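Structure first, commentary second.
Coordinate-derived values only; no laboratory data. Everything quoted here is computed from the prediction, not taken from an experiment. Cβ atoms come from the backbone with ideal geometry, glycine included; neighbour counts cover every protein chain shown.
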Amino acid sequence: MNEWLRKNLVCPRDKRELQTVENNLICPDNHFYPVVDDIPIMLVEEEERIHNYITETLEKVVEIQSSKSSENAADREKIPSDENAVDEYVQSEIPLTCGNLYMGLRHKLTRYPIPEFRLPPGKGERFLDAGCNWGRWTIAAAQNGYQPIGIDPSLKAVSAARRISRQLGVSTDFVVGDARYLPFVDGCFDVGFSYSVLQHFSKENAKISLEEMGRTVKKDGKILVQMPNKFGLRCFYQNARRGFTAGEGFDVRYWSPSELMETFKNKFGETQMSADCYFGLNIQNNDIDLFPAHFKMVVHSSEFLRRLSRKLPLLVNVADSVYLESVNQKN
């Protein structure tokens with residue numbers, strides 16, 4: 001664990017300072033968090049488990065601790081012998097992390113789908129990626145000059161993210177944790193970011209996560225979060241298919257533009273909304289070479305409308321996926 005993490009990690013329950021005792025981090029109230037392969041496991045196990053990743057991670061930690069074997073660690077640290085090979089975790093999980101458009105690419109990826117970064121080039125700013133999974137946005141941030149920390153409740157995903165970062169030669173750090181209980185001191189990040197994560201939370205849990213992001217991002221720092229728009233064509237269709245219900249488990253929750261703007265302004269202050277993509281969620285223009293011809297048309301159409309929305313702002317209101325960009329005034 002690097003020195004910055006040692007200084008800036010706190011107990012996710014009470015935000016108190018942590019001490020290192022053997023392979024655990026312990027706060028004064030005796031909440032303890034294991035460190036597995038130099039990865040802090042900062043989950044609050046008694047709280048609502050909004051994804052089975054949390055249960056899987058806690059069970060895996062118990063297994064590793066009880067076996068006291070290095071075999072598991074060696075498996076997680078195995079980097080493909082071919083430097084151009086795509087990690088098996090990504091090959092398997094790509095539809096779950098990048099969306100239905102990527103379903104046909106499962107076990108067929110020829111490169112990592114590292115997305116286009118929508119922030120200006122960094123100059124070493126501390127960057128939080130909340131819900132990083134295998135680290136595609138964390139890696140994109142590192143490649144664009146930021147010092148990123150990715151956090152995700154899945155130990156398997158975070159281990160893969162670290163493997164892939166090393167394979168690609170970028171400097172990143174990762175923590176296993178929950179976006180609702182960020183284990184970081186107040187104001188330690190310059191930028192807070194989350195993509196395709198809070199859209200799966202209940203609106204109450206999403207607001208809790210936003211408050212945590214506001215707490216950990218410094219005043220006047222930037223916050224950029226992707227969310228779904230209930231008035232997007234594809235979102236409206238998907239919402240109608242389930243009877244316009246609120247959703248449960250890890251279903252997508254659909255927000256109106258006015259609801260999003262009101263929430264983000266209340267949590268952070270000054271906020272702008274822009275189009276991310278149309279006709280679906282998670283459509284990335286720089287992955288167009290990976291798709292068959294009929295999907296290429298979807299990507300081209302989405303990108304055309306996204307660019308057009310800069311001149312015709314009303315088009316943002318019918319984008320399926322939108323970005324909320326805020327300047328944090330509430331820390």
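Identify the chymotrypsin sites (Phe, Trp or Tyr not before Pro) of the range 223-317 meeting these criteria: DSSP loop state and at most 14 other C-beta atoms within 10 Å of the C-beta.
Values: sites: F231, F236, Y237, F244, F250, Y254, W255, F264, F268, Y278, F279, F295, F304; in loops: F231, F244, F250, Y254, F268, Y278, F279.
Of the chymotrypsin sites (Phe, Trp or Tyr not before Pro), the ones in loops of the range 223-317 whose Cβ has at most 14 other Cβ atoms within 10 Å are F244, F250.
For the chain, return all DSSP H helices satisfying: extent of Cα atoms along own axis at least 27 Å; mean Kyte-Doolittle hydropathy at least 1.0. It would help to have the intermediate numbers written out before the result.
Values: long enough: none.
Span-like helices, by this rule, are absent here.
On full extension of the chain, what length is gained from K330 through F32, given 0.36 nm per residue of separation minus the C-alpha to C-alpha distance?
Values: separation 298, 0.36 × 298 = 107.28 nm, distance 2.97 nm.
Length gained between K330 and F32: 104.3 nm.
As a quick test, which of the pairs K203/K330; K156/K265; K60/K222; K123/K203; K230/K265 have an alpha carbon distance above 24 angstrom in this structure? List each step's numbers first, then the result.
Values: K203/K330 20 Å; K156/K265 35 Å; K60/K222 35 Å; K123/K203 34 Å; K230/K265 19 Å.
Violating the 24 Å Cα-Cα cut-off are K156/K265; K60/K222; K123/K203.
If you check each cysteine of the chain for another cysteine whose beta-carbon is under 4.7 Å away, which ones come up empty?
For the chain, the answer is C98, C132, C188, C235, C277, because their Cβ atoms have no other cysteine Cβ under 4.7 Å.
So what are the three principal axis dimensions of the range 164-249 from its Cα atoms, in whole Å, longest to shortest?
43, 33, 23
Starting from the Cα-Cα distance between E83 and N317, subtract it from 0.36 nm times their residue separation and give me the gain in nm to one decimal. Don't skip to the answer; put the middle values down first.
Numbers: separation 234, 0.36 × 234 = 84.24 nm, distance 4.23 nm.
Residue separation times 0.36 nm, minus the Cα-Cα distance, leaves 80.0 nm.
Can you give the FRET efficiency for V185 and E47, using 1/(1 + (r/R0)^6), R0 = 25 Å, r = Cβ-Cβ distance, to the nearest 0.05? Walk me through the numbers on the way to the answer.
Details: r = 20 Å, r/R0 = 0.82.
Computed FRET efficiency for V185 and E47 comes out at 0.75.
If you put +1 on each Lys and Arg Cβ and -1 on each Asp and Glu Cβ, how big is the dipole of the range 245-294 around its Cα centre, in Debye rounded to 20?
Numbers: 3 positive and 8 negative charges, 31 e Å.
Rounded to the nearest 20 debye, it is 160 debye.
H107 to H294: extension gain in nm, 0.36 nm per residue of separation minus the Cα-Cα distance?
Extending this stretch completely gives an extra 65.3 nm.
Can you tell me the order of 169-175, 131-137, 87-93 when each peptide is scored by its average per-residue count of other Cβ atoms within 10 angstrom, highest first? Walk me through the intermediate numbers first.
Numbers: 169-175: 19.0, 131-137: 26.9, 87-93: 17.3.
Top of the packing list down: 131-137, 169-175, 87-93.
Using r as the Cβ-Cβ distance of S301 and S202, and R0 as 41 Å, what FRET efficiency do you calculate, to the nearest 0.05? Could the numbers behind the result be given before it?
Numbers: r = 32 Å, r/R0 = 0.77.
Efficiency for this residue pair is about 0.85.
Please give the FRET efficiency for N285 paired with K219, using the beta carbon to beta carbon distance and R0 = 30 Å, rounded to the nearest 0.05. Could you put the intermediate results ahead of the total?
Working: r = 33 Å, r/R0 = 1.11.
Working from the Cβ atoms, E equals 0.35.
Can you tell me the convex hull volume per residue for the chain, based on C-alpha atoms, in Å³ to the nearest whole number?
On the way: hull volume 44.1 nm³, N = 331.
Residue-normalised Cα hull volume stands at 133 Å³.
Counting alpha carbon pairs within less than 8 Å and at least 6 residues apart, what relative contact order, in whole percent, applies to the chain? Please list the in-between numbers first.
Numbers: 645 pairs, mean separation 52.6, N = 331.
Relative contact order, the chain: 16 percent.
For the chain, what does -39500 (n - 2.57) per DSSP helix run (n ≥ 4), summed and divided by total residues, give at 222 nm, in deg cm²/dmol to the nearest 500?
Working: 10 runs with 111 residues, N = 331.
Taken over the chain, the calculation gives -10000 deg cm²/dmol.
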